[in-house]
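Working notes for the structure below.
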Amino acid sequence: MARSVSIWLALAAIVCSLTVISAEESESKEFVLTLDHSNFTDTVSKQDFIVVEFYAPWCGHCKNLAPEYEKAASILSKHDPPIFLAKFDANDDANKELASKYEIKGYPTLKILRNGGKNVQEYKGPREADGIVEYVKKQSGPASAEIKSAEDASNLIGDKKIVVVGIFPKFSGEEFESYIALAEKLRSDYEFGHTLDAKHLPRGESSVTGPVVRLFKPFDELFVDLKDFNLEALEKFVEESSIPIVTLFDNDPSNHPFVIKFYNSPNAKAMLFANLSAEGVDSVKSKYREVAEQYKGQGVSFLLGDVEASQGAFQYFGIQESQVPLIIVQNNDGKKYLKPNLEADHIAPWVKDYKEGKVPPYVKSEPIPEENNEPVKVVVADTLEDMVFKSGKNVLLEFYAPWCGHCKKLAPILDEVAVHYEKDAKVLIAKLDATANDIADENFDVKGYPTVYFRSANGNITPYEGDRSKEDIIDFIEKNRDKAVHQESAKDEL
């Protein structure tokens, strides 16, 4: 009996150890596929559907995503059929050609690749595991869901999102094929459904047999129909109909997708910021909507922002709460136009003047410094013209960001360069905070920090792209400065 018990205990120990080993193997197994230049094309070409994260090892957001992405990959590996998530180090020099092909400009960037990589779509879903799983499952299924009942319609359409539904007499033919092509193309931005019976739908004419496309939305007229099945016309219809006449920017998360669409629009952007709970604001809102309706389809989109939710915009535009209600318009060329402390009756005539080119641009600027005694002089937007373009000096100007580590490293070097030229009245070393001042002059192409330009006294503007050492910067200045001015300065010293 004792021998029998000891055998069972031994077997139990073996089973337990095998279970531990199996669990350890499961924990150590990576479900996210690792791709690089050597296996990317071969792997993707074999998949009808795969999600690829383009990342950089040093990227903090990538590190935060990693455990959620791995957890989602583990869950999706058990899907029938399995759905694969992959990662690709876009920062590796050997991989950069492929990263460039997929237009990777920031990290992490997630893309959905379909049909062996022939179709590429932006991933626009959540960044936590459960959300990734839900979004990817939906994206891997049919682009449009069949609606067979009022319950199906209710589950799909809801009351806080945009949903597109095709109504057809049969699920075949040119119109249906065009509709499905539309759904495939725009599936990452919208949800699509199709039905044989309009009676299932919550709004709109129920006796229509189609073919017709009905777009449901939680604003304005709540639904709108189209019978033109040209693919380009369908896409334009969906894009234009899904933007509110006036987009509301407040703390309600359900409004945020429409705010994103507003900022991604190719139109000029008119933004009215106000305290939406203040007394008397209703007349401002009403007049603003009237103007938005008047200019619908004329290249201007309109947004109404609550002060509480718009602090980021206030910082970006350099505006103050004391100026509300205010309206600011930003054109695609970056120029801005501002009307602060407006009243309801100001809105229509001001927008009319803006459209007719009668409103001068607004330039965001820090206050002009009361003292500017440091070796490196401070330039702001309001002094750029006088200190750089009209000074008659050779000016080395750094465009920087206060948070930029490379800018902080460069600062003491520029101090040394400025001290070197302290007795040279024809050379000025200066800096401008590009996050707090608009750069109105097109000669300066600032896309990163620090960006350094040199403007000679005779007007030549040259970007500085050399080493960031005192000796190299001084050598660059001497080679590019206005020699005539330099000689005149030397004579004055003699």
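The values are calculated or read from the model by the stated rules, or taken from the named source; none is laboratory data. Predicted model, so just to flag it, every value in this text is computed and none were measured. Glycine gets a Cβ as well: all are built from the backbone with ideal geometry, and neighbour counts include every protein chain shown.
Before moving on, here are some points about what is shown:
- Considering (1) part of a loop (DSSP other than H, G, I, E, B); (2) touching a residue at least 60 places away in the same chain (Cβ under 8 Å); (3) within 29 Å of ALA181 (Cβ to Cβ), the lone condition that LYS105 does not fulfil carries the number (2).
- Sole residue being assigned by the TED database to the domain that holds ASP225, at pLDDT below 95 and either under 27 Å from the mean Cα position of the chain (by Cα) or of a type outside the set (D, E, K, R) (or both), chosen from LYS96, LYS160: LYS160
- Scanning the range 313-337 for residues that are on the phi > 0 side of the Ramachandran plot and assigned to a helix (DSSP H, G or I) yields no hits at all.
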